[in-house]
Amino acid sequence: MSINKSEWLECNSCPLCKKTSSVIQFGVINDAAYSFGHGTVPIPAGGIPMGRCNECHIQFKMRLPSPDYLSAMFINEAGNVWDVEYNYRREIDEIMRYIAAPFDLLDVGPSNGDLLKNIALLTKRRSGLDIVKHPKVGTHIKGEFIRGLLDSKKLSWSGVPYDVITVFDVFEHFYHPDYAMANLAKLIKQGGYVLIETGDCDSPWVKKYGIELWWYARLFEHHMFWSEEALRKVAKKYGFSVVFFKRKRHKRWHYEKASFVISSTIRSALWRLSPLLFRKIRYYQGKSERQPRSPFVADHLFMIMKKD
């Protein structure tokens, strides 16, 4: 899909505190285009500048596609993305440490419904929230499907809150994190738990090579990037206490084939040795010169919050 100049939003203030005085610009994503599903989105001249709020300790893109354009892309590519099977065994084990079955669960961004499918026997009500309903998710819902974005100003839902809300690889999609946190505070029961996984902009890998080269920041649908300090601060603001926190690898590395893990390890080792040599080799191979993903880098955060 093509994107008009008017469909790019210039974002000069922090998405959290709304200030411009605490924001500094650093780094630019200079790729020619984003890839999403089977589509490509040309990046405008000047690239995608990156900003950092020194008050909120988040990093964010200062040029974003409009929500309407992004929603249209999600609808067009719904069957072509987020379709890899994953059993969520580790995440389900974390849930069971804090709450006894059966419980009511809302999965934000359920994609193909893998979490809802694998947790079915532990739940009374299983619901999903997303901007588009993936073709496979319907069979795994035993509750409501809330159509919309977690960071929408107003959500239309049953009004019956949940014991557990899972928000895996969603916090990086926000345009309005304040709306998202306000919605979470309404959707969860008093004493309920919210589980979050998202990229860590304070990870040693990102600090060493720059966020503009990080694979997670170079995805079309990812807008803002969190630190532990930022998550703890926003949790407290909206009436949550943090009961568990850790840094981890992205969950994809638990289901990738061994051959892909080995090839990714070789590519990331070459990148660490010499990024310039890596780019030259990839150029002559006619392959992507982007920084490779490393199977052993803990560049994600996992947090459990309890509603006070």
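The values are calculated or read from the model by the stated rules, or taken from the named source; none is laboratory data. Because the structure is predicted, anything quoted here is derived from the model rather than measured. Methodologically, a virtual Cβ is constructed for each residue, glycine included, from the backbone with ideal geometry; neighbour enumeration extends over all protein chains shown.
Taking first residues from region 232-243 that are closer than 11 Å to residue 307 by Cα and partners that are loosely packed, with under 15 Cβ neighbours inside 10 Å and not hydrophobic (A, V, I, L, M, F, W, C), the Cβ contacts under 8 Å between residues at least 6 apart in sequence or on separate chains come to 235/241; 239/308; 240/308; 241/308.
Conditions (1) outside any strand (DSSP E or B); (2) over 30 Å from residue 18 (Cα atoms), marked per residue:
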{"residue": "35", "(1), (2)": "no, no"}
{"residue": "52", "(1), (2)": "no, no"}
{"residue": "56", "(1), (2)": "yes, no"}
{"residue": "60", "(1), (2)": "no, no"}
{"residue": "69", "(1), (2)": "yes, no"}
{"residue": "90", "(1), (2)": "yes, yes"}
{"residue": "98", "(1), (2)": "yes, yes"}
{"residue": "101", "(1), (2)": "yes, yes"}
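The number of residues in region 28-72 being out of contact with any strand residue (DSSP E or B) (no Cβ under 7 Å at 6 or more places or on another chain), modelled with pLDDT of 90 or more and surrounded by 16 or more Cβ atoms within 10 Å (Cβ to Cβ) comes to 2. In the set 304, 262, 266, 211, only one residue is in contact with a Cys (Cβ under 8 Å, 6 or more places away or on another chain) and of a type in the set (A, V, I, L, M); that residue is 211. Residue 246 - would you say it is closer than 27 Å to residue 130 by Cβ, of a type in the set (D, E, K, R) and buried (at least 19 other Cβ atoms within 10 Å of the Cβ)? When the stated conditions are applied, residue 246 does not pass them. Of a type in the set (Asp, Glu), surrounded by fewer than 22 Cβ atoms within 10 Å (Cβ to Cβ) and at pLDDT 95 or above: does that describe residue 172? Spelling it out, residue 172 is indeed of a type in the set (Asp, Glu), surrounded by fewer than 22 Cβ atoms within 10 Å (Cβ to Cβ) and at pLDDT 95 or above.
Among 124, 117, 153, which is among the basic types (Lys, Arg), farther than 23 Å from residue 90 by Cβ and assigned by TED's automatic domain parsing to the domain that holds residue 168? Answer to the check: 153. When the residues of region 122-163 are filtered to those that are of a type in the set (Gly, Ala, Ser), out of contact with any helix residue (DSSP H, G or I) (no Cβ under 7 Å at 6 or more places or on another chain) and outside any loop (DSSP other than H, G, I, E, B), the one that is nearest to residue 174 (Cα to Cα) is 127. Looking only at residues in region 124-169 that are among the aromatic types (Phe, Trp, Tyr) and over 21 Å from residue 76 (Cα atoms), the one that is surrounded by the most Cβ atoms within 10 Å (Cβ to Cβ) is 162.
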